[in-house]
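Student: Let me give you the structure first, and then I'll get to my questions.
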Amino acid sequence: MFAFWPFSNNKKQNHQLTEYWQAIEKIEKRYLELTGKLLVSQPKCLNLNSEKKKFLEKYKAGEVYNPQLLFKKKQFDGRSVLALQRFYESITLKDDFFYFKQLYKEKIKNLLLMIDAYRQWGEPASTKFIIKAKGRPSWFLFWQAKRFCANYHGHRLKYKRKMTPQEVGMALLKYVKEISGETLSVVYSRYLASKAIIYPKKHLLKINSKASFNDAELERLKVHEIGVHFTRYHNAKKLGRLILEIGAANYLETEEGLAVYNEEKQGVLKSSQMFVYAGRVVAAYYALRCSFYKVFKILRGYGFSQKEAFEITFRAKRNLADTSLAGAYTKDFVYFSGYQKVKKYAKQHRAKVNDLFFGKFALADLPKLEKYLKYKE
């Protein structure tokens, strides 16, 4: 612990605090400058639809086939990557009163690992960088997910009426306005992988124009997309710290876990969605060792439809061109693991659960941020 308390009348300590925030602002500015040049994002698969059609046709015919995926390769400017590496090395943790320097170092390290993964995208070598950045499912989590899948028997939430994508979009925009006073834009697209996605920093909501909706789904989206994803961003923006807006390293596990926990608490959680999350853990675990076809067959054995099994398996093998090889994009296990961790934390520290809504950070970051949150109060 530091021999420092920000409420002190000691002029020296207050001067140290001023210098600290000035240093953090410089780090924030430099981070935005460097990441703005790099534009780090996942390489896009160019032939997914044709390979999906080919795979399912061969599967129905009893033939073994593993999709051969093509990607739009990412090119990163070497000088910009080197500048990011040097920036990472330049951040010292001396007098890190509120741990924001450490949060930035962890974020930049994670980003550098994903740049290495994207450079190797399509090759099995990408997996080792993905595991370092995103982690991998433990055997115990895998066992929990398998047990959930084996015991799943289907469940439907009751609803009163169907809704169009446009009705859902307008209702969500209205809800955001009511709880925050902020205005979002909405885009309807047939190409979304999920029914709805919110991009808080862009103030953008995307709705799947081909998805079917009902009033129960609307309530779930309010709790999940707005109640967690948007609220964490909105609260972080009021605190005025960039890293809490864009998300600290590995914040996604807590973000999605909190969203699922919130759905359960509000009585809008669909067990069919938990079935998918558990299936993603199973797929990530096996994909590290097995081919696309074998992972797909395992998921089918648990009762996933062909469409569901293909989508889950693709998400787990999407970093490989030749999906017959071992290797995985393991990220998707965090939805199920995040829920387990948040639920356990809520049982042990119920009074502190609301602190997780102050920004986009991981559950493991909360002890580091408690001093800052008390300071901001």
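Student: Quick check on my filter: what residues within the stretch 81-97 are under 25 Å from the mean Cα position of the chain (by Cα) and either at pLDDT below 95 or farther than 30 Å from Tyr375 by Cβ (or both)?
Tutor: Within the stretch 81-97, Val81, Gln85 meet the criteria.
Student: Having 3 or more residues that are hydrophobic (A, V, I, L, M, F, W, C) and out of contact with any Ser or Thr (no Cβ under 7 Å at 6 or more places or on another chain) is the bar; report the helices (runs of 4 or more DSSP H) wholly within the stretch 242-361 that clear it.
Tutor: Result: 242-246, 251-266, 271-287, 306-317, 334-348.
Student: Next question. Would you point out the residue of the stretch 211-263, among those that are among the polar types (S, T, N, Q) and within 12 Å of the chain's Cα centre (by Cα), that is nearest to Ile198 (Cα to Cα)?
Tutor: Thr254
Student: Here's a follow-up. Kindly check whether there is at least one residue in the stretch 60-76 that is over 28 Å from the mean Cα position of the chain (by Cα), outside any helix (DSSP H, G or I) and buried (at least 16 other Cβ atoms within 10 Å of the Cβ).
Tutor: The answer is yes; a qualifying residue exists.
Student: Can I ask one more? Would a scan of the stretch 90-107 turn up a residue that is touching a Ser or Thr at 6+ places or on another chain (Cβ under 8 Å), touching a residue at least 24 places away in the same chain (Cβ under 8 Å), closer than 30 Å to Ala316 by Cα and surrounded by 18 or more Cβ atoms within 10 Å (Cβ to Cβ)? Let's see the steps before the verdict.
Tutor: Taking the stretch 90-107 as the starting set, the residues that turn out to be touching a Ser or Thr at 6+ places or on another chain (Cβ under 8 Å) are 101.
If we keep only those that are touching a residue at least 24 places away in the same chain (Cβ under 8 Å) as well, we get 101.
If we keep only those that are closer than 30 Å to Ala316 by Cα as well, we get none.
Checked against the condition, which is being touching a Ser or Thr at 6+ places or on another chain (Cβ under 8 Å), touching a residue at least 24 places away in the same chain (Cβ under 8 Å), closer than 30 Å to Ala316 by Cα and surrounded by 18 or more Cβ atoms within 10 Å (Cβ to Cβ), the stretch 90-107 yields no hits at all.
The values are calculated or read from the model by the stated rules, or taken from the named source; none is laboratory data. Fair warning: this is a prediction, and the values are worked out from it, not measured in the lab. Neighbour counts are summed over all protein chains in view; Cβ atoms, including those assigned to glycine, are modelled from backbone coordinates with ideal geometry.
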